[in-house]
Amino acid sequence: MTWESLDTWWWPYLFIIIAGWLATDIWRWLGVLIGNRLADDAPLLIWVRAVATALVAAVIAKLILYPSGALQDFPLALRIGAAIFGFGLFLATGRKPWIGILSAVATLFLGRLLL
Amino acid sequence: MTTASERAGAYWFLQGMRGIFSLPALILITSFVGFTGFASEAGLLLEHAVFMTGIVWALPAMVLLISSILANASLPAAFLTVTLSSIRLLPMVAALIPEIRGRKTSIWVLLFASHFIAVTAWVFTMERIRSVPVDQRLRFFLGFALTLTTTVTAVVAAVFVFVEKLPPIVAGTLFFLTPIYFLTSIWASARDRIAHYAMIAGLLGAPLFHLIAPDFDILYTGIVAGTLAFAFDRLVGRRRKPAADAEETGQGTGAAADEGRDR
């Protein structure tokens, strides 16, 4: 039962509903059931928030270190270097996200152009 | 005839909608242009990409779903891959729900609203929700989240036929926007030191766990790094407590000033 198993118009939609929608929304629904029982200042909520932040940090690291698609063709050192440079400038200039984003993206683009 | 409370509700929904012109929304839209390129390259049809965007609404999950399709994975295997990567949505939603619910919001409304929670809406809402009156927070969130999902889905449909011609260097740069945006905006909007600890531990932990357990690296990193950050903060906090109260107060004002500057 793969994406190309059935040659009907509805199969891809069913595939997306099961492997995409259900696969993600069951966690959201569970999150509602758990989050709705937590008080705003519960230590458990602080821990949950720390785990959520670390999870997103892991996604960030993976998108930079092991990207999919066109970013794969950029050298690893350039990807890491551009991210560190952008983040450093962001910290040094009063934590304005757009400064970090712009400088990191510009570094990556120019670096790829020159290499 | 409209009552004052209805007018207030409409006002805050609109305030949320205005978030479509914010930096987070702009970056997400740009990231989705990159995603559309990936989907088109993978051979998906326009209608599949649009449907997927609206109904899955989690960029990493969508990238993994398309990767599974490309690898000719079976439906159960694709489901497993996507669902394991999406466990992160649980703590994200669980952390956001207490922020957006009103005093008597029904669970069904929250279940509906939860579909629109993904990283961008999470960061955007966490950053701004404290300045919204408690009973208007859900309206503010829905105003932003519904507008964002609708706009992004429309953008995927609109750019699908053009993105095939994107040069690889532009497509790659677009893909780079998402991680760097998450990195800076989450750091800037952090409420407490724990968020910074968790961020650093998560960034360092990811490559480590990728070596140990590549299929579960995000989940393991989240639990281990998040718990370490939590424990570290408790430890530092406890050590600080016996010290003079003045120090604690100084710390508090410093953090408050930080937050003020970031908003």
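The values are calculated or read from the model by the stated rules, or taken from the named source; none is laboratory data. It should be emphasised that the depicted structure is a prediction, and the values quoted were computed from it without experimental measurement. Because the Cβ atoms are built from the backbone with ideal geometry, glycine has one as well, and the counts that use them run over all protein chains shown. Just the protein is used for accessible areas: all its heavy atoms, side chains included, with ligands, DNA and RNA removed. Shrake-Rupley method; radii C 1.70, N 1.55, O 1.52, S 1.80 Å.
Residues in the range B:8-32 that are among the hydroxyl-bearing types (Ser, Thr, Tyr), assigned to a helix (DSSP H, G or I) and within 22 Å of B:Ile186 (Cα to Cα): 2 in all.
It is to be established whether one or more residues within the range B:114-121 are more than 25 Å from A:Leu22 (Cα to Cα), open to solvent by less than 20 Å² (accessible area, probe 1.4 Å) and either touching a Cys at 6+ places or on another chain (Cβ under 6 Å) or outside any helix (DSSP H, G or I) (or both). Checked against the condition, which is being more than 25 Å from A:Leu22 (Cα to Cα), open to solvent by less than 20 Å² (accessible area, probe 1.4 Å) and either touching a Cys at 6+ places or on another chain (Cβ under 6 Å) or outside any helix (DSSP H, G or I) (or both), the range B:114-121 yields no hits at all. The residue pairs whose first member lies in the range A:30-58 and is over 15 Å from B:Ala198 (Cβ atoms) and more than 7 Å from chain B (Cβ to nearest Cβ), whose second member is open to solvent by 10 Å² or more (accessible area, probe 1.4 Å) and part of a helix (DSSP H, G or I), and whose beta carbons are closer than 8 Å, counting only pairs six or more residues apart or on different chains, are A:Leu33/B:Ile107. Quickly run through the range B:161-172 and pick out the residues that are in contact (Cβ under 8 Å) with a residue 40 or more places away in the chain, crowded, with 19+ Cβ neighbours inside 10 Å and either away from chain A (no Cβ under 14 Å) or not β-branched (Val, Ile, Thr) (or both). Correct list: B:Leu166, B:Ala171.
Let's see how each residue does on (1) part of a helix (DSSP H, G or I); (2) open to solvent by 10 Å² or more (accessible area, probe 1.4 Å); (3) under 19 Å from A:Tyr66 (Cβ atoms):
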{"site": "B:Gly34", "(1), (2), (3)": "yes, no, yes"}
{"site": "B:Gly37", "(1), (2), (3)": "yes, yes, yes"}
{"site": "B:Val50", "(1), (2), (3)": "yes, yes, no"}
{"site": "B:Thr53", "(1), (2), (3)": "yes, no, no"}
{"site": "B:Val63", "(1), (2), (3)": "yes, yes, yes"}
{"site": "B:Ser67", "(1), (2), (3)": "yes, yes, yes"}
{"site": "B:Pro76", "(1), (2), (3)": "yes, yes, no"}
{"site": "B:Phe79", "(1), (2), (3)": "yes, yes, no"}
{"site": "B:Leu84", "(1), (2), (3)": "yes, yes, yes"}
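Just one of the listed residues (A:Ile101, A:Ile80) is among the hydrophobic types (A, V, I, L, M, F, W, C), on the phi < 0 side of the Ramachandran plot and at the interface with chain B (Cβ under 7 Å from one of its Cβ atoms), namely A:Ile101. Screening B:Ala25 against (1) at pLDDT 90 or above; (2) closer than 24 Å to B:Ala154 by Cα; (3) open to solvent by 30 Å² or more (accessible area, probe 1.4 Å) leaves a single unmet condition, (3).
For A:Thr24, the criteria (1) of a type outside the set (Lys, Arg); (2) within 19 Å of the chain's Cα centre (by Cα); (3) open to solvent by 10 Å² or more (accessible area, probe 1.4 Å); (4) modelled with pLDDT of 95 or more hold in every case but one, which is (3).
In summary, B:Arg130 fulfils each of the numbered conditions (1) open to solvent by 30 Å² or more (accessible area, probe 1.4 Å); (2) within 12 Å of another protein chain (Cβ to nearest Cβ); (3) in contact (Cβ under 8 Å) with a residue 40 or more places away in the chain with the single exception of condition (3).
Within the range B:63-84, the residues that satisfy the criterion of being closer than 16 Å to B:Phe175 by Cβ and at the interface with chain A (Cβ under 7 Å from one of its Cβ atoms) are B:Val63, B:Ser67.
This table checks each residue for (1) part of a helix (DSSP H, G or I); (2) facing another protein chain (nearest Cβ under 7 Å); (3) modelled with pLDDT of 90 or more.
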| residue | (1), (2), (3) |
| --- | --- |
| B:Val159 | yes, no, yes |
| B:Leu174 | yes, no, no |
| B:Pro179 | yes, yes, no |
| B:Phe182 | yes, yes, no |
| B:Leu203 | yes, yes, yes |
| B:Ala206 | yes, yes, yes |
| B:Asp215 | no, no, no |
| B:Asp233 | yes, no, yes |
| B:Gly260 | yes, no, no |
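All told, A:Leu102 falls short of being without any contact (Cβ under 8 Å) to a residue 60 or more places away in the chain, over 20 Å from B:Leu174 (Cβ atoms) and either open to solvent by 60 Å² or more (accessible area, probe 1.4 Å) or not small (Gly, Ala, Ser) (or both).
Within the range A:1-16, restricting attention to residues that are within 7 Å of another protein chain (Cβ to nearest Cβ) and assigned to a helix (DSSP H, G or I), which residue is most open to solvent (accessible area, probe 1.4 Å)? In this case the residue turns out to be A:Tyr13.
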